Amino acid sequence: MDIADSSIELWIRCLGNESLLQPMWDSLRFNYRDYLRSPLFPIVLTVSSYFVLCLPFLVCDIIGDKWAWVQQFKIQPSRRPTASTLLHCAGVTLYNHVFLVLPASVAQWLWRPPVDLPDQAPSLLELIAGVIGNLLLFDFQYFIWHLLHHRILWLYVTFHAIHHNYSSPFALATQCLGGWELVTVGFWTTLNPVILRCHLLTTWTFMMLHVYVSIEDHCGYNFPWSTSRLIPFGLYGGPSKHDVHHQKPNTNFAPHFSHWDKIFGTHADFSFISVVKYKS
Ligand SMILES: [Zn+2]
Ligand SMILES: [Zn+2]
């Protein structure tokens, strides 16, 4: 058996190993039981993940033009958010959190009982399959929602236009959303793991990854570790694809993967936009 065969066999054994995540799960539930059982925990997790994960991109937005290595990955190198733009988005985000997320959190805390923590951890394979399943389901829901909000003028003007104030997105624009859009996204992110009957560890992993890929979609940089570069065959859109949506809003409605836009004929590559821009 050569090295490639033995490493594949090792991977398969790790993926199916029922007890690989058990020590971590046991440590979490024994040490942080009350926090993890609280209905507030998923909200605290996603809100804190959002601000922490925005920070590195925010630094790039503020000092990236003086940092040649970072600047080479900027999707629209001549466009950079101004201080007032960043403050506006921070203000909208703060408003949404105070008037929507906070009341929803209090309601959850008052009305939902603490959740039960299962004894058994998921296998790594269950966790990865659950996270991918949740991303695919959300991608489909948001594709339909997004398409309708661009095709029906009233929906666009009333709910979605605020997110299109910026044709060159940046990390803080991710949650520069109308309340209806934020509520819808939060609803699906909470409901989908229940529909797919995911383990809590899978649910929390999905929620954090979903926050990251949503920020990455808007970050304005196509770094070497960008998801679209890591996932082969153009299956995943990533920051370049969503950047095109902000430049050419009748294309690229799916937030993560590429297949729905390709099926419905709404897919556009970044190279196409660049050619159009340089010609005009
Ligand atoms: Zn966007
Ligand atoms: Zn849009």
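The values are calculated or read from the model by the stated rules, or taken from the named source; none is laboratory data. All values derive from a computational prediction rather than experimental measurement. Positions of Cβ are backbone-derived with ideal geometry, glycine not excepted, and every protein chain shown enters the neighbour counts.
Exactly one residue out of A161, A173 is of a type outside the set (V, I, T), free of Cβ contacts under 8 Å to residues at least 60 places away in the same chain and either within 16 Å of ligand 1 (Cβ to nearest atom) or in contact with a Phe, Trp or Tyr (Cβ under 6 Å, 6 or more places away or on another chain) (or both): that is A161.
In a residue-by-residue description of the stretch 257-280, the property of being exposed (fewer than 15 other Cβ atoms within 10 Å of the Cβ) and within 16 Å of ligand 2 (Cβ to nearest atom) applies to at least one position.
Every residue in the stretch 64-79 that is surrounded by 11 or more Cβ atoms within 10 Å (Cβ to Cβ) and out of contact with any strand residue (DSSP E or B) (no Cβ under 8 Å at 6 or more places or on another chain), please. Matches in the stretch 64-79: D65, W67, Q71, Q72, Q76, P77, R79. Being away from ligand 1 (no atom under 15 Å from the Cβ), of a type in the set (S, T, Y) and in contact (Cβ under 8 Å) with a residue 24 or more places away in the chain is a property that T189 has. Checking L40, L55, L20 one by one, the residue that is modelled with pLDDT under 90, surrounded by fewer than 17 Cβ atoms within 10 Å (Cβ to Cβ) and aliphatic (A, V, I, L, M) is L40 and no other.
Among the residues of the stretch 251-262, those that are hydrophobic (A, V, I, L, M, F, W, C) and closer than 12 Å to I144 by Cβ comprise F253, A254, W260.
Do you know which residues across the stretch 207-260 are under 24 Å from R80 (Cα atoms), touching a Ser or Thr at 6+ places or on another chain (Cβ under 7 Å) and of a type in the set (S, T, Y)? Across the stretch 207-260, the qualifying residues are S214, S228, S240, T251.
Checking K277, K241, K262 one by one, the residue that is farther than 30 Å from L36 by Cβ and modelled with pLDDT under 90 is K277 and no other. Taken over the stretch 206-237, the criterion of being more than 16 Å from ligand 2 (Cβ to nearest atom), assigned to a helix (DSSP H, G or I) and within 14 Å of the chain's Cα centre (by Cα) is satisfied by F206, M207, M208, L209, H210, V211, Y212, V213, I215, E216, T227, S228. Those helices (runs of 4 or more DSSP H) of the stretch 89-205 in which at least 2 residues are of a type outside the set (A, V, I, L, M), surrounded by fewer than 19 Cβ atoms within 10 Å (Cβ to Cβ) and within 16 Å of ligand 2 (Cβ to nearest atom), considering only elements entirely within it, cover 124-151, 179-195. When H267, H245 are screened for being farther than 26 Å from S123 by Cα and either more than 16 Å from ligand 1 (Cβ to nearest atom) or outside any helix (DSSP H, G or I) (or both), only H267 passes.
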